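Beneath this line is the structure, given in structure tokens, with notes to follow.
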2 protein chains.
Amino acid sequence: MPFGYNGKILHIDLTLKEISIEEPSPAWYRAYLGGSAMALYYLLKNLDPNVNPLSEKNVLIFASSVVTGAPISGFSRYTVSAKSPLTGGFGEAEAGGYWGPELKFAGFEAIVIKGKAESPVYIWIHNGKAEIRDAEELWGLDNGEVKERITRELGDERIRVASIGPAGERLVRFANVINELRHSNGRTGMGAVMGSKNLKAIAVRGDNRLEYAKPDLVKEIARWHNERIKTHGPNIQFRDLGTPGLVAGLNALGILPTRNFREGVFEGAEKINGQTLKETILKEAETCYACAVRCKRVVSSDKPYPIDPKFGGPEYETVASLGSFCGIDNLPAIAKGHEMCNRFGIDTISTGAVISFAMECFEAGILTEADTGGREIRFGNEEAMLRLIEDITYRRGLGDILAEGVRVASERIGKGAERFAFHSKGQEAPMHDPRGKTSVALSYALSPTGADHLEAQHETAFQIRSPLLDQLAPLGILEPIDPFSLGPEKVRAFTIMQRVWYLYNSLGICNFTAAPLFALTFPKLVEAVSAITGWDTSLWELLRIGEKANVMARIFNIREGIDKKADLLPRRFFEPMPSGPLVGKGIDEGEFHRALELYYEILGWDENGVPRAGRLIDLELEWLTKEPR
Amino acid sequence: MPFGYNGKILHIDLTLKEISIEEPSPAWYRAYLGGSAMALYYLLKNLDPNVNPLSEKNVLIFASSVVTGAPISGFSRYTVSAKSPLTGGFGEAEAGGYWGPELKFAGFEAIVIKGKAESPVYIWIHNGKAEIRDAEELWGLDNGEVKERITRELGDERIRVASIGPAGERLVRFANVINELRHSNGRTGMGAVMGSKNLKAIAVRGDNRLEYAKPDLVKEIARWHNERIKTHGPNIQFRDLGTPGLVAGLNALGILPTRNFREGVFEGAEKINGQTLKETILKEAETCYACAVRCKRVVSSDKPYPIDPKFGGPEYETVASLGSFCGIDNLPAIAKGHEMCNRFGIDTISTGAVISFAMECFEAGILTEADTGGREIRFGNEEAMLRLIEDITYRRGLGDILAEGVRVASERIGKGAERFAFHSKGQEAPMHDPRGKTSVALSYALSPTGADHLEAQHETAFQIRSPLLDQLAPLGILEPIDPFSLGPEKVRAFTIMQRVWYLYNSLGICNFTAAPLFALTFPKLVEAVSAITGWDTSLWELLRIGEKANVMARIFNIREGIDKKADLLPRRFFEPMPSGPLVGKGIDEGEFHRALELYYEILGWDENGVPRAGRLIDLELEWLTKEPR
């Protein structure tokens, strides 16, 4: 075994009720690692182009990685991937928590699911075996009830459940998959794909003890990392306030998305920021498997909104999307909205975004009380927000239209509503205004999954804390990155950081634990991968796998007809900020388009944004050169 | 000082007699390191296109690197670079020994020399100061005499001298630069450039103690490396037999260049191999600065050929070029030829190649006794070989034509002599037959310096000793490399290894000490660079600098009109081997041309073999996008 690592992939055909186990070669594991890269491998090999993503022909993949489950902070994530019903292109969403490691303990790196069950089922994976079980009784239940019932049915308190709620069953296009009620594979509508397959949940449990090439070194790195987390500035801040701690800083910079990107400063920011959360509704800090960062918030409340802490608490994205983005400054209302989203299984970012979109349409007179069942869904109306979460989940009235996502909803509503629909490739923009950090502009336009905040390094962080620049040095990024530039140095850094993000999404590593911003440095990361797998790897090899995943995703999209023409940024971002510290700032449209062209050129793609055959071969993707391009 | 490293570059204008000292930024050192990359920076910035390489307008660079002089085995090399009078394109040649480290001890990483001295001079660099000194008395002397006289004149036994002999003075187009009489910057005619500038020598001496970011770690790595050298198979072999040890293996494989590439098996191989050398003329093993490998041979003999050991001894390349390649099996004659080449200052590879070429022309009747002064210069005629070394040096008779190199000589001789002239871009092929290792075919065609054996990994090594494959793993090269393939996996590995070679030639690291074949692994190399410079670097960053150097060299050549049309392989290599283990094997011409196209594509160059602007920008070469391309 020259490169170490042996593992197993579980294949399940829900139509045929067939279960089989694949044991790929060590070389294959080294080439595809896990997560995004591994999922893309199976999607490209198994999925015909142009199938309906909500048909039984879609292929659904749950993928941890070769390092998932190692007891190192942040090595806990997994990907859910399929053709996206929201974008029609590459869909994937990562989540932390405990489910990914448990899949490894149960004996598998990944599950590849085809077909569609005749009637609702769930999958039970336990110590190397898998079973398709009846879920008739579970259909219709929310995530909390599902987890309870499956736990009881299997008689094991330690099982981990990833499930969908009523939104996934009803094919809400931004329905998510949730594990342990608080860790969501949030984006690109993976819950709807599960729903379309009549798959309610996947429960996993295992006693498999993971083996490492150098177990003592793994422990030593874990200890080193945990010690560093205690003293590393950004990790200290995340431990103290969680991601909601970002509210204050982004508001101060003038880029806290407010009222559907109309503004970048929210007058109610202080009422919803991390400090306020800590002082009011916080119950406890929580964490993912083996992680010392403890950035997760658990919140609870009795009134006015009773909030069940078992659904965790809102991240920054949620505080902003259901808060400032909807003009709402009532933290308990936001937290209630978060709880409902987790209970029903919908993505909080897209949910907040479609509600905010509806609010702006209403204020502009495009939607009226005739459309809203008589409700005034204006910015700041928390009751309307909470009600719409339910209406979207159950596809009632306006909610049924919004459940299609802002792109389709805005087309259906018409009357110019498109100008209020902030999405790229059909996916709603997350809570980051690219006018204050242009790498986000590139990311929104170029991410294969559509607007995505986990595909670019947000350069503002480096402006605030320049000593952290040091952690970028091994990438060859040696100079501070201007947050407003779209020049060559920005595009170059973006292409390098995109490799890093795809690597993290392939290894299932949480960026809140690792370089450039957080405690695990790049050299230590390489050492960790080597210690776990036994591979004598390098940052060179790993970043090329990151590039490979990005290229595979691009090819996947091109097969689906999503090409350069879809590399777009919503128009509002080209317009000047109306107020705040960045008043007058807008993305320069000419510069932006030149930057896109440069992006293709730097990566060696052609003028149509298509990766050239030589680039595919360089990345050991010979097998893809025969795909239609 | 965020990235560590401060240094100095010495600038000398021989016309104006001006000396100045530049102190580039730490960031610049990190971007250009030394050696090839640093030299290319100065060439591209300072040299106008299309100047006569033997005119005062050429720029001559001596460049060590940021790591040169560290007490680690193999960190001793430096580059001499200029526009080549042999190829008309990028010229450079590296050498080990002691001169490069001494330049650092004297206070400089590099010397950039412009203009031409009115009359012969030499340069004396001592503890941060430089002086242009009269060399009228030295002109005409051989290298041995020069070193002796300069040492006496400066009154310091410990100075190190790089000099040219009579061949450089006479602008022999493959004249070399030699340091300490036995370490040659052999190729591309750098000695002729020195001669054209009336520059006889550069003497260096310094007491500067080099400082390292982590001195203890530098020492620890040095120790670790030296220990490993003792037990690492290929290093043990090199210590035992030196590079002449390769003769036996290559002959057994059927690719020992014999009689001008007419054959690959030499009937006299045993009489000239490393073992025979060890048992007969070997005086002692020698080494370069701080190196534990001790691969250098020192030979001596009284008769029939008195050989002065102060000129060292022949490497494999010399044993083959003056031996099997000329059909000569008399080791003392070969060693004498080597001593003469070092004394006179000509490259042993090109010298053997032009002599072999003349021999084949003679045997084919293209050259006759009328051309050769009545001598029968047939294969196997050692007296003719030795006499021609002198005639080339002093440009006598046929020697004067051969002194122009095989390309020009074959054109002048005409009558179809071109078919016996084995060169790429005008530089004579070294002693490696690409029919048995196709990466050498790519290297000959694609190396910016013309046919070169230090630009590709010779894959035969990995066939013989497959455990060594492990050392390639950090590069992502995980499978054995078929020596006969020209498929995608070969071209991919070639592009990666080319980055490694350019990195080594930029850092001044000897490949006989480092991965993939020798003891210093890639991860340890990265650690060493970090410990010396203080940079938190990575294999990712370093290999990209390797690619950058290759791209700069390509752009340099394109400026000089040397483009894709010059990416050629001599025709004989497409013909089948006439005998030996590889009988019938020839390079497939169609495959070869497809491989070249794939090479351009993999690197993101256009269909004309020109690096695209986006690739330049990716490699932080924005400043080159304005060059004519």
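What follows is calculated from the coordinates using simple rules that are stated; it is not laboratory data. All values reported here derive from a predicted model rather than from experimental measurement. In this analysis, Cβ positions are derived from the backbone assuming ideal geometry, glycine residues included, and neighbour counts consider all displayed protein chains.
Projecting the Cα positions of A:549, A:518, A:561 onto the charge dipole of the stretch A:495-569 (unit charges on Cβ atoms of Lys, Arg, Asp and Glu, taken about the Cα centre) puts A:561 furthest along the positive direction. Net charge within 15 Å of residue A:170 by Cβ-Cβ distance, Lys/Arg positive one each and Asp/Glu negative one each, not counting residue A:170 itself? Summing Lys and Arg as +1 and Asp and Glu as -1 gives -1.
Normalise the Cα radius of gyration of the stretch A:237-421 by 2.2 N^0.38 Å (N = residues in it) and let me know the number.
The stretch A:237-421 yields a ratio of 1.01.
In terms of other Cβ atoms within 10 Å, A:437, A:17, A:524 run from fewest to most in the order A:17, A:524, A:437.
Between the amide H of residue A:346 and those of A:176, distances stay under 5 Å, these residues lying 5 or more places away or on another chain, with hydrogens modeled in the peptide plane. Report the far tail of the P(r) of chain A, meaning the percent of Cα-Cα pairs longer than 36 Å. In whole percent, the long-distance tail amounts to 30. With both labels modelled 7 Å from their Cα along Cα-to-Cβ, the residue A:400 to residue A:308 distance reads 2.8 nm.
Give, as a single signed number, the net charge of other residues whose beta carbon lies under 11 Å from the beta carbon of residue B:13, with Lys and Arg counted +1 and Asp and Glu -1.
+2
Put in order of Cβ neighbour count within 10 Å, fewest first, the listed residues B:554, B:419 become B:419, B:554. Under 5 Å between amide hydrogens, built in the peptide plane, is the criterion, and for residue B:307 it picks out B:301, B:302 among residues at least 5 positions away or on other chains. The relative contact order of chain B, computed from alpha carbon pairs under 8 Å that lie at least 6 residues apart in sequence, is 15 percent. For residue A:562, the shell of other residues with beta-carbons less than 10 Å away shows a net charge of +2, using +1 for Lys and Arg and -1 for Asp and Glu. Using a 7 Å offset from the Cα along the Cα-to-Cβ direction at both residue A:8 and residue A:607, what is the distance between the two label points in nm, to one decimal? For residue A:8 paired with residue A:607, the spin-label model returns 5.3 nm. I'd like the distance separating the alpha-carbon centroids of the stretch B:479-506 and the stretch A:188-221, in whole Å. First find each Cα centre; the distance between them is then 37 Å. The rotation axis taking chain B to chain A passes closest to the C-beta of one chain B residue; that residue and the distance in whole Å read B:604, 2. The relative contact order of the stretch A:9-205 comes to 23 percent, based on Cα pairs under 8 Å that sit 6 or more residues apart. Per-residue 3J(HN,Hα) values for the stretch B:170-187, derived from phi via the Karplus relation 6.51 cos²θ - 1.76 cosθ + 1.60 with θ = phi - 60°, read 8, 6, 4, 6, 10, 5, 10, 10, 10, 10, 6, 6, 9, 10, 10, 7, x, 9 Hz in sequence order (x marks Gly and Pro). Rounded to the nearest 20, the Cβ-based charge dipole of the protein assembly as shown about its Cα centre (Lys and Arg +1, Asp and Glu -1) stands at 560 debye.
Given a Förster distance of 35 Å, report the FRET efficiency between residue B:415 and residue B:55 from their Cβ-Cβ distance, rounded to the nearest 0.05.
Once rounded, the FRET efficiency stands at 0.65.
In this simple spin-label model, placing a label point 7 Å from the Cα along the Cα-to-Cβ direction at both residue A:217 and residue B:623 gives a separation of 4.0 nm.
Kindly point out which whole DSSP H helices in chain B project their C-alpha atoms 24 angstrom or further along the helix axis while averaging a Kyte-Doolittle hydropathy of 1.6 or above.
Going by DSSP H runs, there are no hits.
The stretch B:599-629 and the stretch A:278-354 have Cα centres separated by 49 Å. Rounded if a/c is under 1.5, else prolate if a/b beats b/c, else oblate: with a ≥ b ≥ c from the C-alpha gyration tensor eigenvalues square-rooted, which is the stretch B:9-205? Here the stretch B:9-205 falls in the rounded category. Summarising the overall dimensions of the protein assembly as shown from its C-alpha atoms, the Rg and Dmax are 34.1, 113 angstrom. Secondary-structure-derived ellipticity at 222 nm for the protein assembly as shown, considering helices only, amounts to -11500 deg cm²/dmol, per-run term -39500 (n - 2.57) for DSSP H runs with n ≥ 4.
Between residue A:263 and A:258, the built amide H atoms are under 5 Å apart, and every one of these is 5 or more places off in sequence or on another chain.
When residue A:308 is represented by a point 7 angstrom out along its Cα-to-C-beta vector, the spacings to that point in the other copies are 9.5 nm, nearest first. Exposure proxy for A:13, B:134: other Cβ atoms within 10 Å of each Cβ, ordered fewest to most, give B:134, A:13.
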